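Structure, as structure tokens:
The values are calculated or read from the model by the stated rules, or taken from the named source; none is laboratory data. Given the structure is predicted, the values throughout are model-derived calculations rather than measurements. Using ideal geometry, Cβ is built from the backbone for each residue, glycine included, and neighbour counts are taken over all protein chains shown. Just so you know, the surface numbers come from the protein's heavy atoms only, side chains and all, with ligands and any DNA or RNA stripped out. Shrake-Rupley method; radii C 1.70, N 1.55, O 1.52, S 1.80 Å.
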Amino acid sequence: MALNLDIIGKKIGPASREYDWKDVVLYALGVGAGFDDLEYVYEARLKVIPSFAATAIYDFFQDFVMGSGVNLAGIVHGEHELVIHRPIPPQGGEITSEGRITHMYDKGEGRGALVIGEVDTYDAEGRKLFTNVATLFARLDGGFGGESAPQVSFEFPDRAPDMEETDRFSADQPLIYRLSGDTFALHVDPDFARMSGFEGPIVHGLCTHGYACRAVIKHLFPGEPERLTRFSNRFSRPIYPGTPITTQIWRMEEGRALFRTLNAETGDVVIDRGVVEWVSAEEAKRRAEGVVRFDGQVAIVTGAGSGLGRVYALELARRGARVVVNDLGGARDGAGSGSACPADAVVREIEEAGGEAVANYDSVATPEGGARIVQTAVERFGRVDILINNAGILRDKSFAKMEREMWEGVLDVHLHGAYYVTRPAFEAMREQGYGRIVMTTSAAGLFGNFGQTNYSAAKMGLVGMMNTLKEEGARYGIKVNTVAPLAWTRLTEDVLPPDFEERLRPEFVAPVVLYLCSEECPVTGRIYNAGAGYFSRAAVVSGRGTWLGDEGEVPTLEEVAARWPRITSLQAAKEYPNANAALMDMLTPKPDIEPEVGEPGEKARPAGMGSVAEVFDRMAEFFQPDRAGGVNMVFQFTISGPGGGEWHAVVEGETCTVASGAHASPTTTLEMSDEDFLKYIGGQLPAMQAYTSGRLKIEGDLMKSQLIERLFKF
């Protein structure tokens, strides 16, 4: 099967779950903690081992594997990186995770492929807690013509380790660890393990990962697991329960160390290329208190010489960002040659407060100006993480009096200017795999305002630009959002009543804009109103609508008039993530009243298929001959339980024959219970979940078992 490159960048999830202190303790016991690590296992003084965060990725492994289309027989969890954004609450709570496949790299024919899956996890308030990045090595999928993986150099110091920690897995370690979420039969079922080529069940790779995490904390910042910010490694070899291990640690510069874990009996490296990073106790405390920082990040703010832009620049710098303060220094309507004074004044404010900033005086309204603004950031600070498109002018006139130069002047700054700056910034963000872009729209664009057709058109154009840019940036970790601010600035000071000045200070808008600029921001493609301490979300929605005319016949004007209330109703209106989703929904006939098909969120079984036997009686009906070209194979089904039995399906070219009993030479055999089989057919039990939990056993050609979902549409 060909790899599904279209999956790259598409959101998977969200998946929500709750955990409590018992889950934290159970995980700690699963990675070897005991009386010597009482803070990990005793609720009265409980702290979380940061590698507990890795359990959030179990909900996504099956999506990464099935979505990417890799050969299941050759998949290995090759590397894992964990980034902790804030300490994990030991008391527990609800967490929500969203995943995506960010890259697929080609190592070459016969050398395999790499699938990079990333999962961000947020707490109940929407604050990002941690990120898991899993590298899956698909050893049978190389040579598909994709890009090569970037080369990353790694070398341990040429000296003995600074610290070592020896530990031993208990003989039953996998039985405890699996209760934290990884119930793959390889770690518990001796028969399955032998069938997979091992002497018996092996220790989970992420269990060894947890042992190593405990070890580095013990030696580098004992008793303070909340200081850990990054933990990454490569999985090198499997290891069996009961085996002793040694974790070797090399301290590098402050806040960074390297490590590896060995089989203490053989000296084989089990975990390799380990990197651990941590922060000071003071910084960990700030993170725990939810303080959002931009340390190490570079921000560009256009139109930052006064008003909203000035406030954004000052607050970003106060929170650690290095800022490019762009302002042409022109008049409110864009007239004049400009002045360096406004940008220089803001830079002085930032520097006097202990921050870093550089002024830029280019106009956003030309391609050259936009390129130079971004170039200033790269040359001075080395990167671009944040772009706030804030620059703007006003040239208001009623439409009948709107001259072309008024129209074009406003679009040049607001819409074209956003393009000229965003394009080079987007390229820089794409290369580094991260970015935050904030557009500035207006109530005039969202809802209309007399005398501002030019301004309204430009501002709504930015919403359209965001909607598409969010799609193109998703696979590169770039999030794009839009704010509609209401603030007292030089653009609005003669429009708003004077007594509104204090209530509408720009400082009241800044919090939502900076949140959209932060790593913690969980959303992309959204619009937010902000002003006077009021915040809300705005959205483009589409009504349910109705179908008119008989199939193939053009509806009449009179039919439209007769159903006008239904056409215009926004009852049950919905948002769409992109144009394709909207078009597909529009082209899919919908009855006026949706049929009830069971509990909310539950996919109903196909009609008349309440038993296993009924499924196989009708299986040929669900065969998709147009997808079976060149396929010649036999599926054998062995279903246990009261409603079970033996059936087989023979697929030859574009034909399918289903019969009861065992086939003499099946290509692949699938074993399930009757209850699980019906859940699988009904869409309630994904195949990958069933397989990794041991509820589905496969013998024979593992790869071809994946063809079932392609060849049969139940």
(message) Restricting to Cα pairs below 8 Å that are 6+ residues apart, what does the relative contact order work out to for the chain? Please round to a whole percent.
(response) 9
(request) Mark the label point 7 Å from the Cα of Arg234 along Cα→Cβ and return the residues of the stretch 415-448 whose backbone N is within less than 12 Å of it. (result) none
(request) Per residue of the stretch 120-135, in order, report the coupling 6.51 cos²θ - 1.76 cosθ + 1.60 (Karplus, θ = phi - 60°) as ³J(HN,Hα) in whole Hz, putting x for Gly and Pro. (result) 9, 10, 10, 7, 5, 8, x, 8, 6, 8, 7, 10, 9, 10, 9, 9
(request) Name the long-range amide H neighbours of Gly142: under 5 Å, sequence gap of 5 or more, or other chain; modelled H, no Pro or chain starts. (result) Gly110, Arg111, Gly112, Ala113
(request) For Tyr420, Tyr177, give the ranking by accessible area with the largest first, probe 1.4 Å. (result) Tyr420, Tyr177
(request) Can you tell me how much longer the chain between Asn449 and Arg383 gets when fully stretched, taken as 0.36 nm per residue apart minus their C-alpha distance, in nm with one decimal? (result) 19.9 nm
(request) Note down the accessible area of Asp412, probe 1.4 Å, to the nearest 10 Å². (result) 50
(request) Using Cα centres only, tell me the gap between the stretch 263-330 and the stretch 651-674 in whole Å. (result) 56
(request) Give a residue-ordered list of calculated ³J(HN,Hα) values for the stretch 295-304 (Karplus: 6.51 cos²θ - 1.76 cosθ + 1.60, θ = phi - 60°; whole Hz; x for Gly, Pro). (result) 4, x, 9, 10, 10, 10, 10, 8, x, 9
(message) I'd like the distance between the alpha-carbon centres of the stretch 432-470 and the stretch 524-576, rounded to an integer number of Å.
(response) 20
(message) With just the Cα atoms defining each centre, how far is the stretch 366-414 from the stretch 168-184? Give it in Å.
(response) 57
(message) Probe of 1.4 angstrom, ligands and nucleic acids ignored: what's the accessible area per residue over the chain, in square angstrom?
(response) 47
(message) Can you give me the solvent accessible area of Thr183 with a 1.4 Å probe, rounded to the nearest 10 Å²?
(response) 50
(request) Report, by chain and number, residues whose modeled amide H sits under 5 Å from the one on Gly78, excluding near sequence neighbours (fewer than 5 apart, same chain). (result) Thr135, Leu136, Phe137
(request) Just add up the charged neighbours of Thr302: K/R +1, D/E -1, any other residue whose Cβ is under 11 Å from the Cβ of Thr302. (result) -2
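Just to confirm a number: summing +1 for Lys and Arg and -1 for Asp and Glu over residues other than Phe712 whose beta-carbon lies under 12 angstrom from that of Phe712, what do you get?
Working: positive: Arg618, Arg627, Arg710, Lys713; negative: Glu621, Glu709.
My count for the surroundings of Phe712 gives +2.
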(request) Considering only protein heavy atoms, with the full assembly of protein chains and a 1.4 angstrom probe, order Met619, Met195, Met163, Met252 by accessible area, largest first. (result) Met195, Met252, Met163, Met619
(request) Provide Cys341, Cys656 ordered by accessible surface of protein heavy atoms (probe 1.4 Å), highest first. (result) Cys341, Cys656
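Loop-only check: which GluC sites (Glu not before Pro) in the stretch 98-152 are DSSP coil with at most 15 other Cβ within 10 angstrom?
Taking the stretch 98-152 and a limit of 15 other Cβ atoms within 10 Å, the loop GluC sites (Glu not before Pro) found are Glu109, Glu125, Glu147.
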(message) Using each residue's phi in the stretch 99-110, evaluate 6.51 cos²θ - 1.76 cosθ + 1.60 at θ = phi - 60° and report the 3J(HN,Hα) Karplus result to the nearest Hz, with x for Gly and Pro.
(response) x, 6, 8, 8, 8, 10, 10, 9, 8, x, 4, x
(request) Can you pull the one-decimal nm distance between simple spin-label points at Ser569 and Ala532, each 7 Å off the Cα toward Cβ? (result) 3.5
(message) Full-extension gain between Val275 and Ser148, please, as 0.36 nm times their residue separation minus the C-alpha to C-alpha distance.
(response) 43.4 nm
(request) Enumerate the amide H contacts of Gln297 below 5 Å, restricted to partners 5 or more residues apart or on another chain; note that Pro and chain-start residues carry no placed amide H. (result) Arg322
(request) Provide the net charge surrounding Glu699, with neighbours chosen by a C-beta distance below 14 Å and charges set as Lys +1, Arg +1, Asp -1, Glu -1. (result) -2
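May I ask what percent, to the nearest 5, of DSSP beta bridges between residues of the chain are antiparallel? Please report the intermediate quantities before stating the final value.
Details: 92 of 125 bridges.
In the chain, DSSP labels about 75 percent of beta bridges as antiparallel.
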(message) Suppose every Lys and Arg Cβ carries +1 and every Asp and Glu Cβ carries -1, with no other charges. What dipole size does the chain come out with about its Cα centre, to the nearest 20 debye?
(response) 1020
(request) Can you tell me the relative contact order of the stretch 343-486? Whole percent, Cα pairs under 8 Å, sequence separation 6 or more. (result) 24
